[in-house]
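Participant: Starting off with a structure, shown below.
The values are calculated or read from the model by the stated rules, or taken from the named source; none is laboratory data. Please read these numbers as outputs of a predicted model, since none were measured by experiment. FYI the Cβ positions are ideal-geometry reconstructions off the backbone, even for glycines, and counts take in every protein chain you see.
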Amino acid sequence: MRRCTMSEKILIPLDGSTLGEAALRYVEERVSKLATGKKTEVVLLQVITSLTHTIAAGESAVEIPYTESELEQTKKMTMDYLDEAGEGLKSRGAVVKCIAAFGTSSANEIIKAEEEVGADMVAMSTHGRHGFSRWAFGSVTDKVLRGGKVPVLMVRMPKKAE
């Protein structure tokens, strides 16, 4: 009987939320069981989409780009978060790499990263929305599923944690 093996390179986009980490926990629990005889590489990605801040004065508002220093500080905090998030994977024998990407669309940056890192699979968390709420809020997961080139493992957050 052939044993199922997990993909060798898995991209996990994270946003810093408990929901976003559902896929991380799922992969973390299974990496040592499923990756028999192979080193699994997990790439943790966080997309930073807030590239400006708003200054409001009365009824008008102005968008001001963050300075290079502010962007570097944001990137450092993001990398610190990703490093900490990857500890459980490392303890189970996975090789973990972390990427902080800047962009205006999380879905586009995830699809771009999937190709750049040579991912075999993307593992993402999802609310599991459908109908009007999916249409109204959009779905990064849905856009990655439709626009990417590799399989997408969608992990729903457990009901009790929502």
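Participant: Pull up region 7-43, narrow it to residues that are modelled with pLDDT of 85 or more and polar (S, T, N, Q), then point me to the one that is farthest from V140 (Cα to Cα).
Facilitator: Restricting to residues being modelled with pLDDT of 85 or more and polar (S, T, N, Q), the top hit is T40.
Participant: So, of the residues in region 90-106 that are at pLDDT below 95 and buried (at least 16 other Cβ atoms within 10 Å of the Cβ), which turns out to be farthest from M124 (Cα to Cα)?
Facilitator: R92
Participant: So T78 passes all but one of these: (1) closer than 19 Å to P151 by Cβ; (2) crowded, with 20+ Cβ neighbours inside 10 Å. Which condition number does it fail?
Facilitator: With (1) closer than 19 Å to P151 by Cβ; (2) crowded, with 20+ Cβ neighbours inside 10 Å applied to T78, the lone miss is (1).
Participant: Keeping to region 94-108, report how many residues are closer than 15 Å to K143 by Cα and within 10 Å of the chain's Cα centre (by Cα). Give the derivation first.
Facilitator: At the first step, the residues of region 94-108 found to be closer than 15 Å to K143 by Cα are 104-108.
Applying the additional criterion that residues be within 10 Å of the chain's Cα centre (by Cα) yields 106-107.
Looking only at that region, the number is 2.
Participant: Right, another one. What residue, among those in region 42-60 that are surrounded by 12 or more Cβ atoms within 10 Å (Cβ to Cβ) and of a type outside the set (S, T, Y), is farthest from E114 (Cα to Cα)?
Facilitator: Only one residue fits best here, namely L51.
Participant: Taking into account only those residues within region 87-130 that are without any contact (Cβ under 8 Å) to a residue 60 or more places away in the chain and either touching a Phe, Trp or Tyr at 6+ places or on another chain (Cβ under 8 Å) or acidic (D, E) (or both), which is farthest from V47 (Cα to Cα)?
Facilitator: Here the answer is R129.
Participant: If I filter region 24-33 for residues that are surrounded by fewer than 21 Cβ atoms within 10 Å (Cβ to Cβ) and not in a helix (DSSP H, G or I), do I get at least one hit? Give the steps one after another, and end with the answer.
Facilitator: Within region 24-33, the subset surrounded by fewer than 21 Cβ atoms within 10 Å (Cβ to Cβ) is 25-26, 29-33.
Checking which are not in a helix (DSSP H, G or I) leaves us with none.
No, the conditions are met nowhere in region 24-33.
Participant: Another question, then. Here's a check for you: in region 50-72, which residue that is in contact with a strand residue (DSSP E or B) (Cβ under 8 Å, 6 or more places away or on another chain) and among the polar types (S, T, N, Q) is farthest from V140 (Cα to Cα)?
Facilitator: In this case the residue turns out to be T54.
Participant: Another question, then. Within region 61-71, can one find any residue that is modelled with pLDDT of 90 or more and buried (at least 16 other Cβ atoms within 10 Å of the Cβ)?
Facilitator: Within region 61-71, none of the residues are modelled with pLDDT of 90 or more and buried (at least 16 other Cβ atoms within 10 Å of the Cβ).
Participant: Name the single residue, out of those in region 107-161 being acidic (D, E) and in contact with a strand residue (DSSP E or B) (Cβ under 9 Å, 6 or more places away or on another chain), that is modelled with the lowest pLDDT.
Facilitator: First pass over region 107-161, keeping only residues acidic (D, E): 109, 114-116, 120, 142.
Okay, now just the ones that are also in contact with a strand residue (DSSP E or B) (Cβ under 9 Å, 6 or more places away or on another chain), so 109, 114, 116, 120, 142.
Details: E109: 96, E114: 96, E116: 97, D120: 94, D142: 85.
Ranking the qualifying residues of region 107-161, first place goes to D142.
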